[in-house]
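The values are calculated or read from the model by the stated rules, or taken from the named source; none is laboratory data. Note that the structure is predicted; figures quoted are calculated from it, not measured. Heads up, the Cβs are rebuilt from the backbone with ideal geometry, glycines too, and the neighbour counts pull from every protein chain shown.
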Amino acid sequence: MNDSAASLHACIESLWLHLRCLQRAGLKFDALAAQSGQTACALAPGEQLAALRSETADCRRCRLCSARTHVIFGEGSARARLMFVGSAPDRASDAQGRPFAGESGELLTRIIEAIGLQRSQVYLTDAVKCLAPQQDDPGDDAGEACFPILKRQIEIIQPDIICALGPAAARTFREQASGAGPARGQFHRAGTMLVMPTHHPELLLRRPELKRETWIDVQRIQRELESAPLRER
Ligand code: SF4
């Protein structure tokens, strides 16, 4: 093999190893998967989440990239049985670089603790990962652009239950939920998961009279977690 052929061979081998590494990190390349016949990822869920976080840290797939300070990826246990999905980060989260960081986040932390869990035992994220002008409703275009990130997070974590906080977050699961639609306070099956839509803590700060409904919803989640057998992870 001459020098140029050896150089080309080394280059191809390097590229192939890089693609395999990305594939192991959770990226899906259909053609590559078909060629290799291998889709299983050898990385632990925490490592897959870290790789996905790194991959999305400078995402510019939608208009929200222009006004954000950070992409708010998510935090918590990579093996959480319960995942909370809000609509979009608020200004406190955008400033601090973590989900549910402000006053509404403190309220959510108290709700989580009220059902016997710690924040570190669940996973917290938003359907849309960047600060939106209207946090309540970041827009279907942003939701669609951002959905692949959330979908991949769910595939990695494989929670038993997703608690969707607010109507915009609940709409994210409309296609996956069986039945007419994701009504608040009712479990909807989405594959192996249950989705429970409830109020967003931001709304609870403005309308504390809705806390009672939220309490009923999260107690249903608690009972479901306690009654369901633990799945192998
Ligand atoms: S909202 Fe999602 S899709 Fe849009 S720029 Fe941020 S991370 Fe990317």
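Listing for the model above:
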{"item": "Flag for ARG81 being among the basic types (Lys, Arg), over 28 Å from ARG206 (Cβ atoms) and away from the ligand (no atom under 13 Å from the Cβ)", "result": "yes"}
{"item": "Pair list, Cβ < 8 Å and 6+ apart or interchain, from the stretch 52-77 residues that are assigned by TED's automatic domain parsing to the domain that holds LYS151 and part of a helix (DSSP H, G or I) to residues that are within 11 Å of the ligand (Cβ to nearest atom) and of a type in the set (Lys, Arg)", "result": "THR56/LYS129"}
{"item": "Residue, surrounded by the fewest Cβ atoms within 10 Å (Cβ to Cβ), within the stretch 135-175, restricted to residues that are without any contact (Cβ under 8 Å) to a residue 40 or more places away in the chain and within 16 Å of the ligand (Cβ to nearest atom)", "result": "ASP140"}
{"item": "Count of the stretch 66-108 residues which are acidic (Asp, Glu) and either over 9 Å from CYS130 (Cα atoms) or in contact with a strand residue (DSSP E or B) (Cβ under 8 Å, 6 or more places away or on another chain) (or both)", "result": "3"}
{"item": "Within the stretch 110-158, considering residues that are in contact with an Asp or Glu (Cβ under 7 Å, 6 or more places away or on another chain) and hydrophobic (A, V, I, L, M, F, W, C), the one nearest to ARG61 (Cα to Cα)", "result": "LEU131"}
{"item": "From the options SER54, SER120, SER66, SER87, residue that is of a type outside the set (Asp, Glu), closer than 29 Å to LEU225 by Cα and either surrounded by fewer than 21 Cβ atoms within 10 Å (Cβ to Cβ) or out of contact with any helix residue (DSSP H, G or I) (no Cβ under 6 Å at 6 or more places or on another chain) (or both)", "result": "SER120"}
{"item": "In the stretch 109-148, the residues that are under 13 Å from the mean Cα position of the chain (by Cα), farther than 21 Å from ARG91 by Cβ and assigned to a helix (DSSP H, G or I)", "result": "PHE147, PRO148"}
